[in-house]
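The values are calculated or read from the model by the stated rules, or taken from the named source; none is laboratory data. Bear in mind that the values here come from a model prediction, so they are computed numbers and not experimental data. So basically every Cβ, Gly included, is an ideal-geometry build from the backbone, and we count neighbours across all protein chains shown. Side chains are part of the model used for accessible areas, which takes the heavy atoms of the whole protein and leaves out ligands, DNA and RNA. Shrake-Rupley method; radii C 1.70, N 1.55, O 1.52, S 1.80 Å.
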Amino acid sequence: MEYFAGLDVSMEETHICLVDRDGAVVHEVKALSSAVAIAAALAQAPPCTRVVFETGRMAPMLYHGLAELGVPVVCIESRQAYQALKTLATHKTDRNDARGLAQLARTGFYKAVHVKSLPAHAIRALIVARKKLVGQRVTLENQIRGLAVVFGIRLPRGLSPAFVDEVVRMSDGITGLAGAMRGLVAARDAVLGAVAAIDADMKRLVRASDACRRLMTIPGVGQLTALAFTAAVDDPARFRRSRDLGAYLGLVPRRYQSGETDYVGSISKVGDQRMRTLPLRGRQRHADPLQGRAETEGLGTRHRPALDNAQGADRARPPSRHHHARHVATWHRVPARLTIRARQKQTRQEAATSSQAGATPEGGSR
């Protein structure tokens with residue numbers, strides 16, 4: 001007789017349910033949410049052919065821990081399981097969820113997902129921590145600027161050496177402001193030190209990874225992008241084709257087809273959002289040689305015309321009227337009514353210009 005188990009995992013306890021091939025409940029128990037406790041609870045029941053639980057924050061720890069203990073565990077897609085569980089039980093409880101997951105394990109009506117390795121999650125944690133610290137640094141610098149503007153002082157760029165000196169100088173002698181600025185500057189220095197320590201750790205990881213060194217030979221790919229890519233892929237063997245990686249990262253068009261309707265929209269944007277943005281920013285920085293110089297000089301998007309003039313007249317182009325028409329590859333996405341109205345307006349403007357050119361200063365025709 002084959003038996004199947006479903007695990008409904010929470011932070012403290014995990015509900016376990018075993019069913020047989022016919023779907024009858026054989027064993028139900030609660031255990032602590034740890035791999036050892038769950039394996040011990042499963043050992044008290046008949047051996048299971050398959051143990052199923054949903055994706056979540058504790059999925060990596062439980063999956064790898066149970067796999068090391070010899071449990072035939074499978075992690076399934078939580079969104080699909082949620083839709084299936086709604087049809088299996090009227091009331092949503094942990095006990096009913098465990099029973100429903102056991103039924104999914106019995107019928108095979110689930111989508112198994114790849115659980116990344118713990119080293120890949122560690123790299124991802126490093127990248128997420130760095131992003132959070134950089135955001136805190138920007139928040140502190142903006143707060144310092146906001147307090148300084150009240151006194152009519154415009155501070156230089158945050159990462160410039162003159163930033164801290166200017167903050168100390170302008171707040172010196174002002175009761176209350178000096179203490180506030182010292183506290184904010186000290187917090188900013190601590191955040192910068194933490195970011196530098198993370199950058200050093202990332203540099204060591206990149207040097208030890210052959211895949212990261214190969215990726216960094218691509219123009220526009222730095223150590224942050226290389227680490228994020230290797231952590232996102234984790235095991236390249238799980239992709240049968242190289243183009244499957246684009247779908248995994250949400251870079252393929254979204255499609256809706258029903259009857260005579262067949263619509264191809266924008267990219268699906270599923271998967272890791274950070275992994276989609278990092279290569280794009282790196283490529284933009286590589287394609288724009290003056291971007292690094294502009295950032296060093298404190299230039300932002302407001303000085304885009306100056307950069308265009310420096311790079312040549314061919315770079316300076318008038319902005320598109322419709323935001324969908326900025327990319328030639330997606331021109332078909334511009335609604336037809338917009339293009340018709342634009343053409344009609346252009347025709348009216350040309351007619352008005354020709355009529356003005358053909359009129360005499362007295363108002364008559366030539």
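Please report how far the C-alpha centroid of the range 23-100 lies from that of the range 120-181, rounded to the nearest whole angstrom.
47 Å
Taking all protein chains in place and a 1.4 Å probe, what share, in percent, of the accessible surface of the range 23-178 do carbon and sulfur account for? Please list the in-between numbers first.
Numbers: 5100 of 8910 Å².
Carbon and sulfur together cover 57 percent of it.
Over the range 171-227, average the accessible area per residue using a 1.4 Å probe and give it in Å², no decimals.
Values: 3080 Å² over 57 residues.
Roughly 54 Å² per residue, with all protein chains present.
Looking at the P(r) of the range 97-158, how many percent of alpha-carbon pairs lie beyond 17 Å?
Details: 1274 of 1891 pairs.
Every Cα pair in the range 97-158 considered, those over 17 Å come to 67 percent.
For the range 105-121, just list the computed ³J(HN,Hα) in residue order, Karplus coefficients 6.51, -1.76 and 1.60, θ = phi - 60°, integers in Hz, with x standing in for Gly and Pro.
So the J values, rounded to whole Hz, are 5, 6, 7, x, 8, 7, 10, 6, 10, 7, 9, 5, 5, 5, x, 5, 5.
Could you work out the Kirkwood radius for the range 1-124, taking every pair of different alpha carbons, averaging 1/r and inverting it, reported in Å?
Details: mean 1/r = 0.0701 Å⁻¹.
By the Kirkwood definition, the hydrodynamic radius is 14.3 Å.
Please work out the average accessible area per residue across the range 1-143, using the 1.4 Å probe convention, and give it in Å². Show your work: numbers first, answer last.
Working: 7760 Å² over 143 residues.
On a per-residue basis, 54 Å².
Determine the equivalent ellipsoid of the range 221-275 by diagonalising the alpha-carbon gyration tensor, then write out the semi-axes as square roots of 5 times the eigenvalues, largest first, rounded to whole Å. Write down the numbers at each step before the final one.
Numbers: eigenvalues 155, 35, 10 Å².
They are 28, 13, 7 Å, listed from largest to smallest.
Which residues' amide hydrogens lie under 5 Å from the amide hydrogen of Val52, considering only partners 5 or more residues apart or on another chain, with H built in the peptide plane?
Under 5 Å from the amide H of Val52: Ala5, Gly6, Leu7, Val74.
Where the eigenvalues come from the Cα gyration tensor of the range 114-197, what are the semi-axes √(5λ) of the equivalent ellipsoid, largest first, in whole Å? Please report the intermediate quantities before stating the final value.
Values: eigenvalues 233, 23, 21 Å².
Working through the eigenvalues yields semi-axes of 34, 11, 10 Å.
Go through 233-240, 249-256, 26-33 and give me the packing order, highest mean Cβ count within 10 Å leading.
Values: 233-240: 11.8, 249-256: 14.0, 26-33: 16.0.
My ranking of the peptides, most packed first, is 26-33, 249-256, 233-240.
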